[in-house]
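Peer 1: Below you will find the structure I want to go over with you.
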Amino acid sequence: MSKAKATENEVVIDVDNAIDHAKNRPSTIKLKTVALYHKSGVGAKAKVKHHTGAVNARMGEDGVVELLAGNVPFIADTFRGKAPKAGSGLLMLYGIRDTLDETSRLRALARTSGLHFADAEIEVEIGYMEPKLVNREMLKAYGKNMQFANVRRMMVDLQMDIAQAFSSYADIDDAERPTRVSEIARFPHFFDRLFEEDREMQNLSVLGIPLLDDPRFTDKMRQVAYVRPNAKVVAIRQGATDARILLPSWMTNVKV
C-alpha cells in the first residue's frame, strides 16, 4: 500500500485508499443555486426577466421559465464585482445552515419585491473525501483523486499560503490586502487567479470558500462553493415545476 507521512501533525496520507474511493465509490456533495425573476402575463405570451442569481431568462417551449444560472448573490453591495468571471467558476450555496439562511433571505426578498423564486440542487461527484484537515502534501499526493476541499477545513500552513497569494495579488492590483488568514473571506475574486497559478489547487473541481459579506454582522462568516468548469455534475434537481435553472454551457458542454 502506498502511504506517505506528512510532516505536520504526523498525518498519514493513504494514496491507495484515495484512488480506490475515487474509482469505485466516489463521494458526492450537494450544492444549491437560486434565482429570482420577474414574470408578467400568462402562457406563451408571458414575459420573464432575470433579477438575482441568474444571468438570463426565457420562456421554454413547454411553458416553463428557464433561468441561466449565475453566481449566488453576495449580501453586501460592496462585494459587487468580486464573483468569479464567467468561464472560471460559479458560486453556489454550500452547507446546510448557510444554505437555509440564504434561501430564507432570498425567499423573503422575492416576497417583498414581487418576484418569483426558483432553486435547484446540484450534485457533484468529487472522488475521495478527506475526513481530516487538508494540507498541501495531501493535495500533491492525491492529485485528481480528491477534487473537493474546504478552506475552513485546511491546515493553517495551507490557509497561510492562500492568504500570502492574495496579498501578492492585492499588491499587483494596488488594492487593499488581507492582513490575517481570516480575511481571505473578504477577497473571493482572488480565487480565480489562485486556481490559475497554484498547481495543486488546480486538481480541485469544487472549493468551499469563506465569505464575510454580511454588513449586519461584521464577524459572521458564511461559506459558499466555488464550482469550476471541470466539475462532474451528476444530477440537477429542480425545486419548482414552473421554473428550471440551467447551468452555463462552459460547465456542461451543453448549449443553452
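The values are calculated or read from the model by the stated rules, or taken from the named source; none is laboratory data. Model, not experiment: these values are computed from the prediction. Positions of Cβ are generated from backbone atoms using ideal geometry, with glycine treated the same way; all protein chains shown enter the neighbour counts. Surface accessibility is based on the protein's heavy atoms, side chains included, excluding ligands, DNA and RNA. Shrake-Rupley method; radii C 1.70, N 1.55, O 1.52, S 1.80 Å.
Peer 1: Scan the strands (runs of 3 or more DSSP E) fully inside the stretch 163-255 and keep the ones with 2 or more residues being touching an Asp or Glu at 6+ places or on another chain (Cβ under 6 Å) and of a type in the set (A, V, I, L, M).
Peer 2: Details: elements: 206-211, 222-227, 232-238, 243-246.
Where strands (runs of 3 or more DSSP E) fall fully within the stretch 163-255 and carry at least 2 residues being touching an Asp or Glu at 6+ places or on another chain (Cβ under 6 Å) and of a type in the set (A, V, I, L, M), they are 232-238.
Peer 1: State which residue is nearest to A118 (Cα to Cα) when the search covers only the stretch 81-107 and only residues that are within 16 Å of the chain's Cα centre (by Cα) and without any contact (Cβ under 8 Å) to a residue 40 or more places away in the chain.
Peer 2: Taking the candidates together, the pick is L100.
Peer 1: Okay, next question. Looking only at the stretch 75-98, how many residues end up being assigned to a loop (DSSP other than H, G, I, E, B) and closer than 20 Å to S205 by Cα?
Peer 2: Of the residues in that region, 10 qualify.
Peer 1: Being over 19 Å from the mean Cα position of the chain (by Cα), part of a loop (DSSP other than H, G, I, E, B) and under 15 Å from A243 (Cα atoms): is that true of E61 here?
Peer 2: For E61, the condition - over 19 Å from the mean Cα position of the chain (by Cα), part of a loop (DSSP other than H, G, I, E, B) and under 15 Å from A243 (Cα atoms) - is met.
Peer 1: Would you check if V72 is touching a helix residue (DSSP H, G or I) at 6+ places or on another chain (Cβ under 8 Å) and part of a strand (DSSP E or B)?
Peer 2: The answer is no for V72.
Peer 1: Mind checking which residues of the stretch 162-175 are open to solvent by 60 Å² or more (accessible area, probe 1.4 Å) and under 22 Å from the mean Cα position of the chain (by Cα)?
Peer 2: Q164, the sole residue that qualifies.
Peer 1: Out of (1) open to solvent by 30 Å² or more (accessible area, probe 1.4 Å); (2) of a type in the set (D, E, K, R); (3) more than 30 Å from A46 (Cα to Cα); (4) out of contact with any Phe, Trp or Tyr (no Cβ under 9 Å at 6 or more places or on another chain), the odd one out for E123 is which?
Peer 2: The one condition E123 does not meet is (1).
Peer 1: Before we move on, is M154 of a type in the set (A, V, I, L, M, F, W, C), open to solvent by 50 Å² or more (accessible area, probe 1.4 Å) and either farther than 17 Å from N230 by Cα or free of Cβ contacts under 8 Å to residues at least 60 places away in the same chain (or both)?
Peer 2: Criteria not met by M154.
Peer 1: Here's another thing I want to ask about it. Run L100 past the list (1) under 26 Å from T241 (Cβ atoms); (2) buried (at least 21 other Cβ atoms within 10 Å of the Cβ); (3) among the aliphatic types (A, V, I, L, M) and report the number of the one that doesn't hold.
Peer 2: Against the list (1) under 26 Å from T241 (Cβ atoms); (2) buried (at least 21 other Cβ atoms within 10 Å of the Cβ); (3) among the aliphatic types (A, V, I, L, M), L100 comes up short only on (2).
Peer 1: For the stretch 180-193, state whether one or more residues are free of Cβ contacts under 8 Å to residues at least 60 places away in the same chain and farther than 23 Å from F217 by Cβ.
Peer 2: Yes: the stretch 180-193 contains one or more residues that are free of Cβ contacts under 8 Å to residues at least 60 places away in the same chain and farther than 23 Å from F217 by Cβ.
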